[in-house]
Structures are given as C-alpha cells and as structure tokens.
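Working notes for the structure below.
The values are calculated or read from the model by the stated rules, or taken from the named source; none is laboratory data. Every value quoted in this text rests on a predicted model; they were computed, and no experiment measured them. Here Cβ is always computed from backbone atoms with ideal geometry, including for glycine, and neighbour counts include all displayed protein chains.
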Amino acid sequence: MSSAKRSHPSADRNSQPISEALLSQIDRSTQNLQLLEIASGSGQHVGFLAPLLPNITFQPTEYERGQFESISAYAEDCPTGNIRAPLHVDISRDPKDWEDTPVPASYDYMFNSNMMHISPWNCTIGLFHAAGQLLKKGGRMFTYGPYAQDGVLAPQSNVDFDWSLRQRDSTWGVRDIKDLKVLAAQNGLQLEKLTEMPSNNKFLTWLKL
C-alpha cells in the first residue's frame, strides 16, 4: 500500500457492508456511468468501491486539501483506473461556485458517507441542493451514517454519540431522516429505500424525480 494512503479503522469496517448495499442498487452493466462522491475523506471508500464497478467513473471530492494526496494515492493504485483526481468542493456552496463547475444533470449517482453529523447543517442543505442540480432524472444519491427517525434516536450509544458531537461543536449532530425528507422534496428527490446497516447506521437511497 502506498505510504501516502491514509487508513481509518471505521472505513475498514464499513467498506464491505457499504459496497454490498451499493452493489444491490446500482447499474453494473451500462458503460460510462458517472458517480460523484462528496467528502471523500482519505479516499478509502472510493478506493474500495471503484474496482467493484469498472463501468462507473468515480469523481472524488474533498474540502480538506490535506486529504488530496491520500485520495490521489488510492486513485493511482486502483487496478481498474476509474477514479479521477480529487476536486476541491465546499458543499455548502452552490455547484456553480465550485472551483470546477460541474455540468448540471451530469451524474448518474452521488455518494456521501459519514459527513452530515460532523458538519454544520448548511453542508447537508448544500448536499441535497447539489443532488438536485447534478443528478440526472432517475439518478440516485446514497448516504451512509447514523440517523434519527421521526424524532427517535436509538440505541443509547447513538444518543451518547450525538451528545458528544454537540459538545465538540454545537453545529454538529445526528440528523433526523424526517428533516432530510424535507430537503429532498425541496430539491426534487425522495427517499426510495432505507437499509439498516451494522453498528446502528443506515444506508439511505434518494431518488431524483
């Protein structure tokens, strides 16, 4: 493994279940599909997923430029060669204001993992706005992480986790799916599927109408 690659134990644990949830819902036969990952972090997820989906070109993005070297190392080592160089994206900004302005309705899929609860609410607003702008009709955005449902957050470990996040930063916290549904509707999306995941996380599929 390249020394530039960063590795996080949580990504090591959840890459396999995320890939299983993704592969069960994604087109694996049509060629030249496009997937935009928001908040790629170290690049571990895109590095794991891209070889499993050689018909899809993956575009990683990240706000922290310090992660670019690691993402690029995963891209360079990808045996299927279907990971582009990372782009700098501030997801709280409109896509037209990104450094590399994407073409509207140009992506078949979007993917975002473990960002909403460790970023301000305006980043979640921006994520759904970007999905509304950039996904093709019938495209899907997949999001992964801990979520509350209709005001209920369970089990107690997630309640404790939410409390610890809000102690670290008052703008952070586990988001409620009912609030995400409102954002989705405002941007021409709807929740299509909820998949329960290990460690009390969820994998949400949002359909672009």
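The table that follows gives values for the structure above.
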quantity	calculated
Unmet requirement for Ser113, which otherwise passes all of (1) in contact with a Leu (Cβ under 7 Å, 6 or more places away or on another chain); (2) within 17 Å of Ala11 (Cβ to Cβ)	(1)
Strands (runs of 3 or more DSSP E) within segment 133-209 that include 3 or more residues among the small types (Gly, Ala, Ser) and touching a residue at least 24 places away in the same chain (Cβ under 8 Å)	135-145
Residue match in segment 170-178 (condition: farther than 20 Å from Pro95 by Cβ, touching a Phe, Trp or Tyr at 6+ places or on another chain (Cβ under 8 Å) and among the acidic types (Asp, Glu))	yes
Of all residues in segment 44-73 being more than 24 Å from Leu135 (Cβ to Cβ) and among the hydroxyl-bearing types (Ser, Thr, Tyr), the one that is surrounded by the fewest Cβ atoms within 10 Å (Cβ to Cβ)	Ser72
Qualifying residue in segment 84-97 (condition: touching a Pro at 6+ places or on another chain (Cβ under 8 Å), farther than 29 Å from Lys178 by Cα and at pLDDT below 95)	no
